[in-house]
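Participant: The structure is given below, and queries will be raised subsequently.
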Amino acid sequence: MLSITSQSRFFLAREPVDFRKAFDGLSIVIREDLGLDPRTGDHFIFFNRLRNRVKIMVWDLNGFWLHYKRLEKGTFGRWWPAEDLNDSLVISGSDLAMILGGIDWRFVERRKHYVPNLRPIGSDGRGSTNTRVAQGC
């Protein structure tokens, strides 16, 4: 079951992924391209080239969950600036809900709330250099 909580971290891969990849192939992408450990319990979000399919992979104590959604019509929007050169974004659970719900974040007005300083942590316990925290989280 896909569980979106405030304690969960969500990493959105910027580059499209070949959707023939399953657990092992996506684990390699997470390790090599994103520089993260797939067994942390974090959610890793991947889109296909056409942006009409999304896969979310998460480790759950003794195995991986792979959530897959295919849109029958339309596409998922882009969630990062075109000039951003990082491999992934850290997004919030509410951002993920908007992505999956088809809401275009560029037209969403966010009310002011306290937001802790989100700092991605790599598998070595330090901040990862190839990950960017999404604006507005």
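The values are calculated or read from the model by the stated rules, or taken from the named source; none is laboratory data. All values derive from a computational prediction rather than experimental measurement. All Cβ positions, even for glycine, are placed from backbone atoms using ideal geometry, and neighbour counts span all protein chains on display.
Participant: From the set of residues in the range 21-76 that are β-branched (Val, Ile, Thr) and surrounded by fewer than 16 Cβ atoms within 10 Å (Cβ to Cβ), which is farthest from ARG106 (Cα to Cα)?
Facilitator: Selected residue: ILE28.
Participant: If you take the residues in the range 52-108 that are modelled with pLDDT under 85 and aromatic (Phe, Trp, Tyr), which one is farthest from SER3 (Cα to Cα)?
Facilitator: Once the filter is applied, the top-ranked residue is PHE107.
Participant: For the range 6-15, give me each residue that is surrounded by 13 or more Cβ atoms within 10 Å (Cβ to Cβ) and part of a loop (DSSP other than H, G, I, E, B).
Facilitator: SER8, ARG9, ARG14
Participant: Could you check the range 16-36 and list, in sequence order, the residues that are closer than 19 Å to LEU89 by Cα and in a helix (DSSP H, G or I)?
Facilitator: LEU26, SER27, ILE28, VAL29, ILE30, ARG31, GLU32, ASP33
Participant: Which one of these does ASP18 not meet: (1) surrounded by fewer than 12 Cβ atoms within 10 Å (Cβ to Cβ); (2) modelled with pLDDT under 85?
Facilitator: Condition (2) is where ASP18 drops out.
Participant: Then there is this: Name the single residue, out of those in the range 37-53 being of a type in the set (D, E, K, R), outside any strand (DSSP E or B) and under 14 Å from the mean Cα position of the chain (by Cα), that is nearest to ARG70 (Cα to Cα).
Facilitator: It comes out as ARG51.
Participant: If you check PHE10 against the conditions, is it without any contact (Cβ under 8 Å) to a residue 60 or more places away in the chain and among the hydrophobic types (A, V, I, L, M, F, W, C)?
Facilitator: No; evaluated as a whole, the condition is false for this residue.
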